[in-house]
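The values are calculated or read from the model by the stated rules, or taken from the named source; none is laboratory data. A quick note: this is a predicted structure, and the numbers were derived from the prediction, not measured. Positions of Cβ are generated from backbone atoms using ideal geometry, with glycine treated the same way; all protein chains shown enter the neighbour counts.
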Amino acid sequence: MERISTQGIFTAALLNLGETQQRQLDAARQVSSQKVAQDLKGYAGKAETLTAMRGAQTRINGLLDQNTVLKNRFTMQDIALGQLSGAAGGARQAITDALASGNVDTLMQDLRGFFTDATAALNTKSQGRYLFSGGQVNTQPSSASAMSDLTLAAPSTYFHNDQFVGTSQIDETSSVQGGMLADNLGLGLYNAFKDVQAFEQGGSGPFTGSLTTAQRTFLEGVLTQFDTAHTTAINAQARNGSVLKRIENTASDLNDRSTTMGGLIGKVTDVDMADAISRLQAAQTAVQASAEVFNVLKNSSLLNFLR
């Protein structure tokens, strides 16, 4: 007949109590965190798959962040190009109105305002950087401060952008090249403003009162320059809008992929709450039972009878 020592019984009871307490702790952690485990060791054979999926999600989220920055930039470019085309179109309209009315009293005042609008558009910033400076993002692309500056030096000397046009990645396989340069956008418009300013300062100026024959002939001729400048700005805005739409579509696709990947990761990492709560309750009951067994054994020791 085998004999079971008091020490052996106590050891077995303590081990059982410790195991049930550990199961209770593990179940409680899962319930509170809603995750299967706190680190990769807890996922055993699924750890490698989980690591790969998390890496893919990190890359997707990085591209999403990049697209958010690009979207902000191209949105600001759209606003700036709209202002530039508005300035060119407004200047053309002011000249057309003067030709129709035969009076040019306010023509130069109007044109100076549109020139200021055009320069402000070319000097637009996004996140503290000039949009149309090429690679020199901290250099103001146009230094002309007034329409009268254009007769002091060639209009091209007032542009300070370089010729760098960057390329940006929007997903794993696609990129966009949407940067635009101030001189390409504004030089034609500046030349048109300069011709008007030079005529104003010349022998057939200034533009006041009723139109003279020479003034009418000149203004009819310079309209073509403003038409071309307006078309240039409109076409640039259309190209920018096309790239912006592409960025938005790509971001939507990346969002869908990120959501899908999050769901796949969740299937591995997220705990079944109903099961976890059931296991926690079972573990709590087991701990109570183990503790009760240990308490009974403590009171059943042979030493109690020897006393």
Has the range 122-137 got any residue that is surrounded by fewer than 17 Cβ atoms within 10 Å (Cβ to Cβ) and either among the β-branched types (Val, Ile, Thr) or over 32 Å from the mean Cα position of the chain (by Cα) (or both)? no
Single unsatisfied condition, Phe164 versus (1) in a loop (DSSP other than H, G, I, E, B); (2) touching a Gly at 6+ places or on another chain (Cβ under 9 Å); (3) surrounded by 14 or more Cβ atoms within 10 Å (Cβ to Cβ): (3)
Exactly one condition in (1) over 29 Å from Gly179 (Cβ atoms); (2) surrounded by 22 or more Cβ atoms within 10 Å (Cβ to Cβ) is not met by Asp97; state its number. (2)
Residue list for the range 164-198, restricted to those being closer than 27 Å to Ala91 by Cβ and either outside the structural domain of Glu220 (by TED's automatic domain parsing) or among the polar types (S, T, N, Q) (or both): Asn184, Asn191, Gln197
Can you tell me how many residues in the range 50-77 are over 16 Å from the mean Cα position of the chain (by Cα) and without any contact (Cβ under 8 Å) to a residue 24 or more places away in the chain? 3
Residue satisfying all of: in the range 186-234; among the hydrophobic types (A, V, I, L, M, F, W, C) and loosely packed, with under 15 Cβ neighbours inside 10 Å; farthest from the chain's Cα centre (by Cα) among these: Ala214
Provide a single number: the residues in the range 135-150 that are touching an Asp or Glu at 6+ places or on another chain (Cβ under 6 Å) and at pLDDT 95 or above. 0
